[in-house]
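In what follows, a single structure is set out as structure tokens and then discussed.
The values are calculated or read from the model by the stated rules, or taken from the named source; none is laboratory data. Fair warning: this is a prediction, and the values are worked out from it, not measured in the lab. We place every Cβ from the backbone using ideal geometry, glycine too, and count neighbours over all the protein chains shown. What goes into the accessible areas is simple: the full protein's heavy atoms, side chains included, and nothing from ligands, DNA or RNA. Shrake-Rupley method; radii C 1.70, N 1.55, O 1.52, S 1.80 Å.
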Protein chains: 2
Amino acid sequence: MLATLIHGPRDVRSTEVDDPRVEKPTDAVVRVVASCICGSDLWPYRGVQQTKKTHPIGHEFVGVVESVGDEVTTVRPGQFVIAPFIVSDGTCVNCRNGVQTSCLHGASWGSEDEDGLPVSGGQSALVRVPWADGTLVGTDEMPPEDLIPSLLTLSDVMGTGHHAALSAGVGPGKTVAVVGDGAVGLCAVLAAKRLGAERVVLFSRHPDRQALGREFGADTVLEERGDAGVEAVNALFDGVGPDCVLECVGTYESMDQALRSVRPGGFVGYVGVPSGGAELPIRLMFNDNVNVAGGVAPVRSYIAELLPDVLSRTIDPGRVFDLTLPLAEVADGYRAMDERRAIKVLLQP
Amino acid sequence: MLATLIHGPRDVRSTEVDDPRVEKPTDAVVRVVASCICGSDLWPYRGVQQTKKTHPIGHEFVGVVESVGDEVTTVRPGQFVIAPFIVSDGTCVNCRNGVQTSCLHGASWGSEDEDGLPVSGGQSALVRVPWADGTLVGTDEMPPEDLIPSLLTLSDVMGTGHHAALSAGVGPGKTVAVVGDGAVGLCAVLAAKRLGAERVVLFSRHPDRQALGREFGADTVLEERGDAGVEAVNALFDGVGPDCVLECVGTYESMDQALRSVRPGGFVGYVGVPSGGAELPIRLMFNDNVNVAGGVAPVRSYIAELLPDVLSRTIDPGRVFDLTLPLAEVADGYRAMDERRAIKVLLQP
């Protein structure tokens, strides 16, 4: 089958490899219908994160179950499934607490499971899925073709935006600012509106992203950043800032923007993978009761809630995909995202 | 009148100074019935925090209103009042949001108000209180003498322990660990139990504090610290730790203990004044969704909720006072707390 391997900085190739197979009775093998490239895939692509040895890459996909092991009970061959970006057993204490990303027996796509058996990457034609019951969420029926992009966002970006909003306590009557206009930031706008936010401000300087942000529900777009950004967003909310800020980037600058934008006593919900090693300034947080919640999003928890809204076309997060390529051209997709020519790239095997 | 002045490290003296008076129509002057020494007063006392010039000290007191300005409407001469540890106007946006510690027109005791007029310290016989309506909370009747210590804790430590518990999301069914066995940590145990925590573990190595912690509701006391402490508390809760950890010290070591003790997806509620400049390790927090909430406690918000429980003797937080001295002997009180011979010292003018 065709799989995507990363060999090192700016060296991503689609390559023929052996088909994966059911290795354990709790496994499934899924034939991928659509996968995609994540902003966080750009960290190893750009060399910010080291690639020690060649490995499969990609952690977001939807597909149809090809085969299952004897102990799999919740999904069946022929069923359409959504795969969260982390493998989880669904039964350990952290999974029961809804934090499947901290599963005691979990695994990452494109890596190995706890027994050292290979786990496929998501940017592939077929994927071996450990803990199929704990990991995959199946739909009752085969969804229509045009819903595939939005269903694919439940693998990561829509669930991640939702996690930012939940972590920041977004709800009816709350005021919100979103830092980051990538796919996650845009989904965070959609999630905040869906949860009833009274007013949502998006920090963005890119016309196409501003436009999609407005369509997703942003009431105001601010182009200012840094001190000017803090001043501008504070001015919109009683001079002190909004109740909630959703940090969807992960850099020192974006977290600083978030911490200084939120009102005293407010919450920063953050989901951007921290890069650059910056730590959080506790004294700033302490003095104004700026609370920080979030982390790597347990999207497995959220699929049950978000899926009906996608199937009923109440939300359309799949609009974050603005480039579709065949899997064989995955390297072009990485280049397009790296150069910011695309918000998010969908891959079709 | 007698007031306490700090001149520099280990140099705290009770001194005769002019009586304060009503300077503005929103002021009150309060005759102090009881004040006390705070753990945070030890920072300037020990020289950890610099004292640039001699100033009055003390920020916790209860007393009887002596006189009020023309615009004061909620307290009257002769009324018993509780003073939170920060002056707040009660009307600005942050006060309306319940974050009186970030009041836009607030002031600190022993400092100056926004117009440069002197604000008395709490360890005095009389105190000028700016924004009397926004700051003070009066009782309907003169409370009985033996309730004074517990009422005094509503100035700071009981409200602060309650803030730690609320910030960490403590409620019915939640499991809790408390880092810190000072007055705030002990009050945090009491607050957690009062909010319905299922099980409370206290980290403590001092027999007298362990005993009071148990009386306040701690189900388990752990003497381990550092890695051994993390291992011990994790073992008590499914191998992953409790839902909530209340950090009531403010050092790097105590925050590290808290962050590593809480379960993935759990909350650290912190109220210890950060010392030593340590920042928060965002990657550790991100990977396991360890949330951090809290800060300087807006105790003014909590007096209305906690006061009835004190007056009805449902809770008895005043037991944290284990030494009572006349105000003239305040220097002895600082020494006793510095040398950890006393948990908390009450001062009677």
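The table below gives the values:
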{"read-out": "Residues being of a type outside the set (Val, Ile, Thr), open to solvent by 30 Å² or more (accessible area, probe 1.4 Å) and in contact with a helix residue (DSSP H, G or I) (Cβ under 8 Å, 6 or more places away or on another chain) - total across region B:25-51", "value": "4"}
{"read-out": "B:Arg283 assigned to a helix (DSSP H, G or I), assigned by TED's automatic domain parsing to the domain that holds B:Ala188, open to solvent by 40 Å² or more (accessible area, probe 1.4 Å) and at pLDDT 95 or above", "value": "no"}
{"read-out": "Matching residues, region A:52-77, being acidic (Asp, Glu), more than 23 Å from the chain's Cα centre (by Cα) and open to solvent by less than 30 Å² (accessible area, probe 1.4 Å)", "value": "none"}
{"read-out": "Tally, over region B:133-156, of residues that are acidic (Asp, Glu) and more than 20 Å from B:His59 (Cβ to Cβ)", "value": "4"}
{"read-out": "Number of positions in region A:209-235 that are of a type in the set (A, V, I, L, M, F, W, C) and open to solvent by 30 Å² or more (accessible area, probe 1.4 Å)", "value": "3"}
{"read-out": "Positions within region B:236-270 being open to solvent by 10 Å² or more (accessible area, probe 1.4 Å) and either over 24 Å from the mean Cα position of the chain (by Cα) or charged (D, E, K, R) (or both), in sequence order", "value": "B:Leu236, B:Phe237, B:Asp238, B:Gly239, B:Val240, B:Asp243, B:Glu253, B:Asp256, B:Arg260, B:Arg263, B:Pro264, B:Gly265"}
{"read-out": "Lone qualifier among B:Arg13, B:Arg21 - being touching a residue at least 24 places away in the same chain (Cβ under 8 Å) and within 18 Å of B:Ala336 (Cα to Cα)", "value": "B:Arg13"}
{"read-out": "Some residue of region A:134-145 being under 21 Å from A:Ala304 (Cα atoms), within 19 Å of the chain's Cα centre (by Cα), in the same structural domain as A:Val330 (by TED's automatic domain parsing) and open to solvent by 10 Å² or more (accessible area, probe 1.4 Å)", "value": "yes"}
{"read-out": "Any hit, region B:100-119, residues being away from every other protein chain (no Cβ under 14 Å) and of a type in the set (Val, Ile, Thr)", "value": "yes"}
{"read-out": "Unmet criterion (only one of (1) out of contact with any Gly (no Cβ under 9 Å at 6 or more places or on another chain); (2) buried (at least 23 other Cβ atoms within 10 Å of the Cβ); (3) among the charged types (D, E, K, R)) for A:Asp181", "value": "(1)"}
{"read-out": "Identity of the residue in region A:233-272, acidic (Asp, Glu) and either assigned to a helix (DSSP H, G or I) or touching an Asp or Glu at 6+ places or on another chain (Cβ under 6 Å) (or both), that ends up nearest to the other protein chains (Cβ to nearest Cβ)", "value": "A:Asp256"}
{"read-out": "Counted residues, region B:73-122 - those being out of contact with any helix residue (DSSP H, G or I) (no Cβ under 7 Å at 6 or more places or on another chain), farther than 13 Å from B:Ser155 by Cα and aliphatic (A, V, I, L, M)", "value": "5"}
{"read-out": "Residue that is nearest to the chain's Cα centre (by Cα) [pool: residues in region A:86-99 that are buried (at least 24 other Cβ atoms within 10 Å of the Cβ) and under 28 Å from A:Pro349 (Cα atoms)]", "value": "A:Val87"}
{"read-out": "Qualifying residue in region B:6-14 (condition: farther than 21 Å from B:Gly69 by Cβ and assigned to a loop (DSSP other than H, G, I, E, B))", "value": "yes"}
{"read-out": "Boolean, A:Arg335 is among the basic types (Lys, Arg), closer than 25 Å to A:Val12 by Cβ, surrounded by fewer than 17 Cβ atoms within 10 Å (Cβ to Cβ) and modelled with pLDDT of 95 or more", "value": "yes"}
{"read-out": "Number of the condition not met by B:Ala293 [criteria: (1) more than 14 Å from chain A (Cβ to nearest Cβ); (2) in contact with a Ser or Thr (Cβ under 7 Å, 6 or more places away or on another chain)]", "value": "(1)"}
{"read-out": "Single match in A:Pro77, A:Pro84, A:Pro118 (criterion: in the same structural domain as A:Ala34 (by TED's automatic domain parsing) and more than 21 Å from A:Gly138 (Cβ to Cβ))", "value": "A:Pro118"}
{"read-out": "Test: residue in region A:47-55 that is in a strand (DSSP E or B) and in the same structural domain as A:Ala336 (by TED's automatic domain parsing)", "value": "yes"}
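Yes or no, residue by residue, for (1) open to solvent by less than 30 Å² (accessible area, probe 1.4 Å); (2) in a helix (DSSP H, G or I); (3) more than 14 Å from chain B (Cβ to nearest Cβ):
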| site | (1), (2), (3) |
| --- | --- |
| A:Pro274 | yes, no, no |
| A:Asn289 | yes, no, no |
| A:Leu306 | yes, yes, yes |
| A:Ile315 | yes, no, yes |
| A:Leu325 | yes, no, yes |
